[in-house]
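Notes for the one structure printed next.
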Amino acid sequence: MIYKQVNQKLEMVLGNIEKVIIGKRDIAELSIVALLSGGHVLLEDVPGVGKTVMVRALAKSIGASFKRIQFTPDLLPSDVTGVSIFNPKEQEFIFRPGPIMGHIILADEINRTSPKTQSALLEAMEEASVTIDGVTRGLEKPFFVMATQNPIEYEGTYPLPEAQLDRFLLKMKMGYPGVEEEIEVLHRAQYTAPLEELESVITLDELIELQAEVKAVIVDDTIKRYIVELANQTRSHEGVYLGVSPRGSIALMKAAQAYALIQGRDYVLPDDVQYLVPFIFSHRLILKPEANYEGFDAGMVIHEIVATTKVPVKRAVT
């Protein structure tokens, strides 16, 4: 596939999402980065900023099925994955699939449910399959999870363990729209329902082709070394207790490939890596208590590491 055509297809998807989400192109772009590279997104923000709308718009834009799971304290793993029910008439068990059996999954307020139920997502996110009653069932392709959590309300919540945070390709925040952007939102919502009018602009087969194209994007050895050096810096930083694992390095490389593809290139630049590092690495760091006491956060550590790590000067592709 010609990369100009690839860029045009992805621009159509982005333009479609922007019909319902105003002024959040970067968030839509990062969501597509995760989707193209086979990863998942953790979206941390307050209610009402358009998280659900954006995920539904993405699903509609690619003609994918959309499932929403509202995580609550009483939710069971079988409520997510599905359950086998005995049919006395047929004298056999019948599998009833859960909401995880879909293309685009919104795991809403994931930190409100128990760790046992949270773990029901682990196999699905990592292996694209679920095991129920000893039977492993593959999930549909593409499979993409966007989980949300509210950073304000912590009462009655279960913080995600590091092992599960590491399953998310990237973590991001939407933030409030600007004044003019919010006025435009009101204009569009006054007489119409933009989301209901949205139609798909590419097919699922085309998306799967695009996911294959991501793997063909060139990552020069100097870029790989740069990614590894950034990861190593997190492991040796004086304020970091636990740095980025090799899984994080792989995630950054794959995300950079997808981002380059969105930009219409078949090769990764150091700028791609630098832009994506905060979204890929920040949620994978655990800081030392003294660093927290001094007012440091993961974002500040990542910024310092990027600023002090030598950038490769060799062309990413020759």
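Can you give me the long-range amide H partners of Val145? Hydrogens built in the peptide plane at 1.01 Å from N, cutoff under 5 Å, separation of 5 or more residues or another chain.
Amide H to amide H, under 5 Å and 5 or more residues apart or across chains, Val145 pairs with Val41, Ile105.
Considering only protein heavy atoms and a 1.4 Å probe, what is the carbon-and-sulfur percentage of the accessible area of the chain?
Summing carbon and sulfur atoms, their accessible area is 54 percent of the total for the chain.
On a 1.4 Å probe surface of the protein chains, which of Phe281, Phe86, Phe66 comes out largest in accessible area, and what is the full order?
Ranked from most to least accessible, the order is Phe86, Phe66, Phe281.
Quick one: compute the contact order of region 1-70, relative version, from alpha carbon pairs under 8 angstrom and 6+ residues apart, as a percent.
Value for region 1-70: 36 percent.
Quick check on the chain: helices-only [θ] at 222 nm, where DSSP H runs of length 4 and up contribute -39,500 (n - 2.57) each and the sum goes over total residues. Nearest 500, please.
Here the helix-only value at 222 nm equals -14000 deg cm²/dmol.
Can you give the longest stretch of the chain with no exposed loop site, where a site means GluC sites (Glu not before Pro) in a DSSP loop (not H, G, I, E or B) with at most 16 other C-beta atoms within 10 Å?
My reading of the result: 19-89 is the longest stretch.
Quick one: accessible area per residue over the chain, 1.4 Å probe, rounded to a whole number of Å²?
It amounts to 50 Å² per residue over the chain.
Please report the base-10 log of the normalised intensity I(q)/I(0) for region 138-265, using a Debye sum with one equal scatterer per alpha carbon and no solvent, at each q in 0.15, 0.17, 0.21 (1/Å).
-1.12, -1.24, -1.30
Which entry in [x] 70, 45, 41; [y] 77, 47, 33; [z] 62, 52, 37 matches Cα extents along the principal axes in Å derived from the coordinates of this structure?
[x]
Are any of the pairs Lys19/Lys173; Lys24/Lys141; Lys67/Lys224; Lys215/Lys288 more than 29 Å apart by Cα-Cα distance, and if so, which?
Lys67/Lys224; Lys215/Lys288
Distances longer than 17 Å among the Cα atoms of region 1-105: what percent of all pairs is that?
63 percent
Seen from all sides and averaged, what is the projected area of the convex hull of the Cα atoms in region 109-212, in nm²?
10.3 nm²
Normalised by the number of residues in the chain, what is the relative contact order in percent for Cα pairs under 8 Å and 6+ residues apart?
Normalised by residue count, the contact order of the chain is 23 percent.
The values are calculated or read from the model by the stated rules, or taken from the named source; none is laboratory data. For clarity, every value in this text was computed on a predicted model and none was experimentally measured. Heads up, the Cβs are rebuilt from the backbone with ideal geometry, glycines too, and the neighbour counts pull from every protein chain shown. Note: accessible area is taken over every heavy atom of the protein model, side chains too, but ligands, DNA and RNA are not part of it. Shrake-Rupley method; radii C 1.70, N 1.55, O 1.52, S 1.80 Å.
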